[in-house]
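Before any comments, here is the structure.
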Amino acid sequence: TDKYAVIGHPIKHSKSPFIHAEFAKQCQQDIEYTSIEVPLDSLASSLQQLRDVLKLKGINITVPFKEQAWELADNLSDRAQRAGAINTVMFENNGSMFGDNTDGIGLCRDLENHDVNLKDKRVLLIGAGGAARGVIAPLMTYQPAELFIANRTASKAKKLAELFADLGQIQGGGFSEVNSHFDVIINATAASLQGEVPDLPASIFTEQTCCYDMMYANTDTAFIEWAKKHNVSKTVDGLGMLVEQAAEAFYLWRKVRPDTGSVMQKLRDDMQ
Ligand code: ATR
């Protein structure tokens with residue numbers, strides 16, 4: 001039995017053990033996947049222990065360790081390199097730590113699952129933390145007409161826009177600099193966790209706008225509630241992204257692709 005785990009702080013409510021157990025059943029993979037809370041101040045030694053004592057083959061990494069783990073990885077995939085954060089680790093036979101980031105591809109797959117098309121569209125990405133940074137390069141592969149990164153702290157959005165400027169038409173700024181409407185709006189802030197919505201004008205929405213919240217909850221998130229109030233054409237929460245990023249990690253480790261739709265359905269049913 002090969003062993004895997006998700007680490008974070010806190011980690012109690014992680015759905016990853018359930019998701020990977022479902023994938024393993026489906027694909028007849030003999031694996032064990034648990035969740036482990038890691039102390040905030042000892043990521044490096046914890047990773048070593050997970051490898052050498054618990055003999056894990058791979059790890060998923062969640063808040064707040066993604067950036068720090070990126071620093072600690074021995075090798076990185078190209079997409080992880082650019083993301084500045086990793087959510088997936090594979091321990092190689094020689095003990096070295098390979099880091100990958102499957103969040104961006106997870107978001108892209110879920111946008112496709114929901115027929116949200118970005119090509120030639122005006123896209124608004126809200127937030128400029130690790131979650132936002134990780135999805136910019138993957139989003140730009142669809143060649144949107146424009147990506148505007150809006151953040152409460154304007155300077156962080158401007159910095160991100162500069163960092164990815166080689167990939168296309170990308171601008172960044174504060175919420176007050178946003179004064180037009182968008183075809184697709186993606187919320188990558190943690191605001192929904194506090195039941196808050198970003199302080200943006202309602203003029204970002206039209207009846208054609210698609211809204212995606214990278215957060216999810218049992219009920220509509222604050223952001224999705226707000227978008228619905230403005231009669232947008234479609235709203236999607238981040239549960240599908242969670243399952244898709246997990247599927248991509250599972251593929252990296254096991255070289256088989258699980259079916260994600262059935263697992264999403266089970267999670268939705270459980271959340272009722
Ligand atoms: P993550 O890894 O989840 O992105 P982070 O790097 O701490 O976490 O970034 C959190 C993001 O959510 C930031 O863009 C933050 O805005 P600031 O850069 O101005 O701090 C944003 N955020 C958090 N709470 C928010 C709120 N109540 N309203 C608007 N933005 C919020």
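The values are calculated or read from the model by the stated rules, or taken from the named source; none is laboratory data. Keep in mind that what you see is a predicted model, and the values were worked out from it rather than measured. Don't worry about glycine lacking a Cβ; one is built from the backbone with ideal geometry, like all the others, and counts go over all protein chains shown.
Worth pointing out:
- Among the residues listed as ALA217, ALA154, ALA161, ALA202, the single one being within 10 Å of the ligand (Cβ to nearest atom) and small (Gly, Ala, Ser): ALA154
- Residues in the stretch 140-157 that are among the aliphatic types (A, V, I, L, M) and buried (at least 24 other Cβ atoms within 10 Å of the Cβ): LEU147, ILE149, ALA150, ALA157.
- Residue within the stretch 26-45 that is in contact with a Pro (Cβ under 6 Å, 6 or more places away or on another chain) and in contact (Cβ under 8 Å) with a residue 60 or more places away in the chain present: yes
- Of the residues making up the stretch 240-272, those that are buried (at least 20 other Cβ atoms within 10 Å of the Cβ) and within 16 Å of the chain's Cα centre (by Cα) are GLY240, MET241, LEU242, VAL243, GLU244, GLN245, ALA246, ALA247, GLU248, ALA249, PHE250, THR260.
- Filter result (closer than 14 Å to ALA246 by Cα and surrounded by fewer than 18 Cβ atoms within 10 Å (Cβ to Cβ)) within the stretch 28-54: THR34
For (1) touching a helix residue (DSSP H, G or I) at 6+ places or on another chain (Cβ under 9 Å); (2) not in a helix (DSSP H, G or I), each residue gets a yes or a no:
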| site | (1), (2) |
| --- | --- |
| ALA217 | yes, yes |
| GLU225 | no, no |
| LYS228 | no, no |
| ASN231 | no, yes |
| MET241 | yes, no |
| ALA246 | yes, no |
| ALA249 | yes, no |
| TRP253 | no, no |
| PRO258 | yes, yes |
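- Single residue of the stretch 170-198 satisfying the filter (part of a loop (DSSP other than H, G, I, E, B) and over 22 Å from the mean Cα position of the chain (by Cα)) that is nearest to the ligand (Cβ to nearest atom): VAL178
- Being outside the structural domain of THR153 (by TED's automatic domain parsing), touching a residue at least 40 places away in the same chain (Cβ under 8 Å), part of a helix (DSSP H, G or I) and surrounded by 17 or more Cβ atoms within 10 Å (Cβ to Cβ) holds for only one residue in ARG79, ARG109, ARG133, and it is ARG79.
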